[in-house]
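Visitor: Right, I'll just put the structure down here and ask away after.
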Amino acid sequence: MATFKLNFKGLSCPLPIVKTSSEIRKGASGDIYEVTADDPGFEKDIAAWCNTTGNKLAGIAKTGKDITATITKK
């Protein structure tokens, strides 16, 4: 099990989700991803993506405009 930090700040929808999906596909079950984006729709989009894919959204933290989602790969 490994932890990865992904920074997709400056990218607009749908790129943060597309890039998150691509990176998580490369990992192993149980890997943890801390994904940061500043797109205002990211929080809603990443929650929907996790629900659809079965990956676990462990939490969301906001710092200013930055939104960091912690995801555990299924």
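The values are calculated or read from the model by the stated rules, or taken from the named source; none is laboratory data. What you are looking at is a predicted structure, and each value in this text was computed from that prediction instead of being measured. With ideal geometry, Cβ positions are generated from the backbone for all residues, glycine too; neighbour counts draw on all protein chains shown.
Visitor: Is there any pair linking a residue in the stretch 31-45 that is over 12 Å from K19 (Cβ atoms) and of a type in the set (A, V, I, L, M) to one that is modelled with pLDDT of 95 or more and not in a loop (DSSP other than H, G, I, E, B), with Cβ under 9 Å and at least six apart or on different chains, and which?
Guide: I32/T3; I32/F4; I32/A58; I32/T70; I32/I71; I32/T72
Visitor: Just give me the residues in the stretch 1-31 being assigned to a loop (DSSP other than H, G, I, E, B), surrounded by 13 or more Cβ atoms within 10 Å (Cβ to Cβ) and either of a type in the set (K, R) or in contact with a Gly (Cβ under 7 Å, 6 or more places away or on another chain) (or both), in sequence order.
Guide: Answer for the stretch 1-31, where residues must be assigned to a loop (DSSP other than H, G, I, E, B), surrounded by 13 or more Cβ atoms within 10 Å (Cβ to Cβ) and either of a type in the set (K, R) or in contact with a Gly (Cβ under 7 Å, 6 or more places away or on another chain) (or both): K9, C13.
Visitor: What is the residue count in the stretch 32-46 for residues that are in contact with a strand residue (DSSP E or B) (Cβ under 6 Å, 6 or more places away or on another chain) and part of a helix (DSSP H, G or I)?
Guide: The number of residues fulfilling the criteria is 3.
Visitor: If you take the residues of the stretch 57-74 that are assigned to a strand (DSSP E or B) and touching a helix residue (DSSP H, G or I) at 6+ places or on another chain (Cβ under 7 Å), which of them is farthest from N7 (Cα to Cα)?
Guide: L57
Visitor: Still on this structure, I have one more. I'd like the full set of residues that are under 15 Å from A69 (Cα atoms) and out of contact with any helix residue (DSSP H, G or I) (no Cβ under 7 Å at 6 or more places or on another chain), limited to the stretch 22-40.
Guide: Across the stretch 22-40, the qualifying residues are E23, I24, D31, I32, E34, T36, D38, P40.
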